[in-house]
1. Can you give me the long-range amide H partners of K37? Hydrogens built in the peptide plane at 1.01 Å from N, cutoff under 5 Å, separation of 5 or more residues or another chain.
2. Send over a whole-number figure in Å² for the accessible area per residue of segment 20-65, probe 1.4 Å.
3. Give, as a single signed number, the net charge of other residues whose beta carbon lies under 9 Å from the beta carbon of I7, with Lys and Arg counted +1 and Asp and Glu -1.
4. Sum -39500 (n - 2.57) across every DSSP H segment of at least 4 residues in the chain, then divide by the residue count to get the 222 nm mean residue ellipticity, nearest 500.
5. Take each of the peptides 11-17, 42-48, average the number of other beta-carbon atoms within 10 Å over its residues, and list them starting from the highest.
6. Enumerate by residue number the GluC sites (Glu not before Pro) in the chain meeting two conditions: DSSP loop (anything except H, G, I, E, B), and at most 14 other Cβ atoms within 10 Å of the site's Cβ.
7. Rounding to the nearest 10 and keeping the result within 0 to 90°, find how far the Cα-based axis of helix 44-57 lies from the longest principal axis of the chain.
8. Measure off, as a whole percent, the carbon and sulfur share of the 1.4 Å-probe accessible area of the chain, all protein chains present.
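The values are calculated or read from the model by the stated rules, or taken from the named source; none is laboratory data. From a predicted model like this one, the values you see are computed outputs, not experimental measurements. Heads up, the Cβs are rebuilt from the backbone with ideal geometry, glycines too, and the neighbour counts pull from every protein chain shown. To get the accessible areas, we keep the full protein, side chains included, count just its heavy atoms, and leave off ligands, DNA and RNA. Shrake-Rupley method; radii C 1.70, N 1.55, O 1.52, S 1.80 Å.
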Amino acid sequence: MKTDRQIPVGGRIDGLNFPDAFRADILVEDNLLLEIKAVSRLAPVHTRQTLTYLRLMKLPLGLLINFGGITLKEGLKRVANNYRLDRS
């Protein structure tokens, strides 16, 4: 299984290119983004951050994982992007 960590995420705003605007935590098989947190409670900004990475990387799915909660189950959130990969 191929995994990469601290993947640079680029963006383009008003004609300016930012190749290393952000860093995503883990990418599995070039298809699934894992965004890792260690906070007492996930905030809406964490979901928006993960969705932004998914959109910029043109990925369909990400998992937001928080290791700071009491249980892993309460700290696991699936984030879906409406991006559709054209397989034709």
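1. Under 5 Å from the amide H of K37 lie the amide H atoms of I65, N66, F67, each far enough along the sequence or on another chain.
2. 55 Å²
3. Cβ neighbours under 9 Å give a net charge of 0.
4. -5000 deg cm²/dmol
5. For the peptides 11-17, 42-48, the packing ranking is 42-48, 11-17.
6. Of the GluC sites (Glu not before Pro), the ones in loops of the chain whose Cβ has at most 14 other Cβ atoms within 10 Å are E29.
7. Between the helix axis and the principal axis of the chain, the angle is about 30 degrees.
8. 54 percent
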